[in-house]
Amino acid sequence: MQDIAAMRLLTVFLLLLAIPAQAEPTISMHGTPKYGPDFTQLEYVNPDAPKGGTLRLAMSGSFDNLNPYSVRGNRGTGFTLTGESLLGRSWDEPFALYGLIAEDVKTPPDRSWVEFTIRSTARWNDGTPITADDVLFSWQQLRDKGRPNHRTYYKKVTSAVATGNVVRFEFDMTGGGDREMPLIMGLMPILCKAWWQGKDISAPSLDVPTTSGPYKLSAVDAGRKLTYTRDSNYWGNNLAFNKGQWNFETITYDYYRDDDVALEAFKAGAYDLRRENDPVKWLSGYNVPAVTSGEIIRLEARNQRPEPLRGFIFNTRREMFSDVRVRDALTHALDFEWMNKALFGGIYRRSSSIYPNSELASTGLPEGDELAALTPFKAQLPAALFTTPFALPSTDASGPGGMRENYRRAIDLFKTAGWTLQNGVMQKNGKPFTFEILLTSADDEKIALEYARSLKRLGITANIRTVDSAQYQARASEFDYDVTINFWASTLSPGNEQVYYWGSAAADTQGSRNYAGIKNPVVDALASSIAASTSREQLVGRAKALDRVIMWGHYVAPLYYLGRDLVAHRNTLARPEITPVYGVLPEQTWWAKPAANAP
């Protein structure tokens with residue numbers, strides 16, 4: 001009998017061994033996620049990275065707001081260290097999500113609804129459990145009082161119900177629905193209802209909320225410094241998605257008056273890692289003994305993500321910029337080739353797409369899925385869009401003539417729009433063409449000054465005004481500018497944010513990123529169609545179609561992009577061997593070398 005009992009126990013034990021570990025939830029915008037449900041780590045991390053040490057970072061400007069959901073005030077940085085969502089995004093594929101607060105996710109083929117099962121182990125940093133009620137509260141608050149993009153996305157939910165630890169969201173399926181919505185809900189910030197209830201989520205604040213992420217905001221020196229400390233009791237430490245990530249014990253952000261001061265502070269040893277956004281500084285600003293000795297390491301890592309579209313943005317809410325011929329003429333006045341050579345050593349490439357540096361950029365003539373997306377709107381679009389590849393005006397800065405042909409073309413365009421050059425002044429009905437370029441960065445002044453000099457040759461006066469970050473944020477939120485330098489950033493899987501960037505409704509929504517004030521029904525239709533794409537190929541075609549229409553609208557005189565990350569760091573830091581397609585991720589995947597951890 002003892003032998004039989006022993007055999008039964010052995011059988012049960014062997015059966016238990018055969019039961020696989022609980023699978024992690026995965027979901028992708030299109031196709032199959034790179035990592036299966038039984039993955040043990042992300043490819044671009046070091047699973048054995050040591051914990052400890054400090055990462056000191058720097059920011060330019062100041063802050064007076066710790067509420068990332070408010071459009072008012074000048075927000076601090078680093079909130080992604082403390083906040084958490086139902087699912088987390090991997091950075092080595094276009095758009096795929098993996099389990100964080102949610103231990104399971106379900107959605108049907110038409111993606112008309114999504115269900116998330118909340119982990120019983122998920123905790124706020126005060127030790128209390130994260131509940132389905134927190135998730136519903138977060139959706140309601142962000143839908144009603146969140147940032148403009150939040151309000152746009154979350155209003156697509158027609159029903160939200162919690163049953164036990166399962167939350168189900170159902171979506172508006174008008175026009176075929178929105179296939180991105182299950183993923184958007186997976187990335188929704190989850191708020192602690194016990195902390196936020198009774199507070200105005202739209203109001204700026206310096207209060208530190210209860211959060212659930214790997215770090216806590218442990219010290220605030222208003223306007224000057226933020227300190228984040230790794231939560232030793234973080235509930236998600238053992239998740240496969242987090243393995244090898246969040247390695248520093250402390251991460252600090254020091255604020256400096258401007259970037260020039262910040263660079264000098266870095267060279268003096270005041271902080272550990274610096275992303276360089278100015279190639280001139282990269283080429284000539286690091287000639288210090290610390291680089292020669294190897295104390296400072298300079299890293300150039302090519303990325304495969306869409307670079308931001310950055311440029312002089314024309315506010316079409318202003319009458320003088322409402323005519324596409326005027327905007328085209330102003331684009332002809334930007335001498336990019338000379339600027340790139342004289343100011344930046346020729347290091348940049350010209351942006352000619354809203355998705356530069358990616359397969360989403362339109363090229364040549366439209367074909368395939370892109371042509372299919374554009375054809376229904378053929379009567380509403382310029383005929384040349386279908387017959388002529390889009391090309392920005394260019395010059396040979398080293399040759400004779402330079403900008404002459406561009407100036408001639410600009411004058412002709414102005415003339416067709418009713419503006420004429422008289423006595424050296426571009427004017428219409430006796431009113432001169434004069435406007436202001438609003439800036440917040442001193443580094444942008446040299447670019448704006450060169451553009452203003454070029455415009456002067458067309459009889460146009462461009463006054464440059466540089467304001468502090470708080471004033472700029474306020475004016476940008478209210479679209480209180482004629483022209484400004486700003487940018488739009490996209491991922492390899494654009495979606496609902498494109499409506500927020502370019503859509504007509506966003507043009508009238510303060511705080512949105514429709515900086516140009518675009519109101520175009522074709523743009524609306526194309527931007528909305530991207531998230532409804534049923535395949536990767538269709539998404540790429542529709543993104544190219546939107547790109548082509550935006551560029552032919554000349555809403556921005558594009559500047560440049562680099563196509564690689566420029567990072568300088570102390571030799572006390574280390575990073576994984578693999579850089580994901582989206583680029584360098586210091587806060588998430590780097591670590592302090594063990595010697596640097598020693599007291």
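For the pair LYS225 and THR158, a Förster radius of 45 Å applied to the C-beta separation gives a FRET efficiency near 0.55, rounded to the nearest 0.05.
Under 14 Å from a point 7 Å along the Cα-to-Cβ line of ASP126: which residues of the stretch 212-254 have their amide N that close? The answer is 212, whose backbone nitrogens lie closer than 14 Å to the label point. Largest first, the extents of the alpha carbon coordinates of the stretch 497-599 on the three principal axes equal 61, 32, 24 Å. For SER60, the amide hydrogen comes within under 5 Å of the amide hydrogens of TYR256, counting only partners 5 or more places away or on other chains and with H modelled in the peptide plane. Rg and Dmax of the stretch 222-308, based on Cα coordinates, read 16.6, 45 Å.
One quarter of the convex hull surface, Cα atoms only: what value does that give for the stretch 121-215 in nm²?
7.0 nm²
Over the stretch 51-106, what portion of Cα pair distances is larger than 15 Å, expressed as a whole percent? Tail of P(r) above 15 Å: 68 percent of Cα pairs. For the stretch 135-150, putting each phi into the Karplus relation 6.51 cos²θ - 1.76 cosθ + 1.60 with θ = phi - 60° gives couplings of 5, 5, 4, 4, 4, 5, 5, 5, 5, 8, 9, x, 5, x, 5, 4 Hz, in residue order, rounded to whole numbers and with x for Gly and Pro.
Taking the centroid of alpha carbons for each part, the stretch 125-165 and the stretch 191-254 are 19 Å apart.
The GluC sites (Glu not before Pro) of the stretch 277-379 meeting both criteria, a DSSP state outside H, G, I, E and B (loop) and at most 12 other C-beta atoms within 10 angstrom of the site's C-beta, are GLU367.
Rolling a 1.4 angstrom probe over the chain with all protein chains present gives an accessible area of which 51% lies on carbon and sulfur atoms. The string of couplings for the stretch 301-314 from the Karplus curve (6.51, -1.76, 1.60, θ = phi - 60°) is 10, 5, 10, 10, 8, x, 7, x, 7, 10, x, 7, 9, 8 Hz, one whole number per residue in order, with x for Gly and Pro.
Rounded to the nearest whole Hz, the Karplus-based 3J(HN,Hα) values (6.51 cos²θ - 1.76 cosθ + 1.60, θ = phi - 60°) of the stretch 188-199 follow the sequence 4, x, 9, 9, 7, 4, 4, 8, 7, 4, x, 9, with x at glycine and proline. The Rg/Rh ratio of the chain, with Rg taken over Cα atoms and Rh as the Kirkwood radius over Cα pairs, comes to 1.00. With K and R counted +1 and D and E -1, the other residues having a Cβ less than 10 Å from that of THR158 yield a net charge of 0. Fully extending the segment from ASN238 to LEU365 would add 40.7 nm, taking 0.36 nm per residue of separation and subtracting the current Cα-Cα distance.
Within straight cross-link reach of LYS456, meaning Cα distance under 23 Å, which lysines are found once same-chain residues fewer than 8 apart are removed? Qualifying lysines at Cα under 23 Å: LYS341, LYS415, LYS428, LYS431, LYS446.
Length gain on complete extension for the stretch ALA194 to ILE297, per 0.36 nm per residue less the alpha carbon to alpha carbon distance?
Values: separation 103, 0.36 × 103 = 37.08 nm, distance 4.53 nm.
Roughly 32.5 nm would be gained on extension.
Per the Debye calculation on the stretch 553-599 with a single equal scatterer at every Cα and no solvent contribution, log₁₀ I(q)/I(0) for q = 0.19, 0.23 Å⁻¹ amounts to -0.74, -0.92.
Translational diffusion of the stretch 61-196, estimated by Stokes-Einstein from the Kirkwood radius over alpha carbon pairs at 4 °C in a medium of 1.567 mPa s, is 82 µm² per second. Annotation for LEU136 and ALA595: the two label points, set 7 Å from Cα along the Cα-Cβ direction, are 5.7 nm apart.
The values are calculated or read from the model by the stated rules, or taken from the named source; none is laboratory data. Here the structure is a predicted model, which means the values were calculated and not measured. We place every Cβ from the backbone using ideal geometry, glycine too, and count neighbours over all the protein chains shown. Accessible surface is based on the protein model in full, side chains and every heavy atom, while ligands, DNA and RNA are left aside. Shrake-Rupley method; radii C 1.70, N 1.55, O 1.52, S 1.80 Å.
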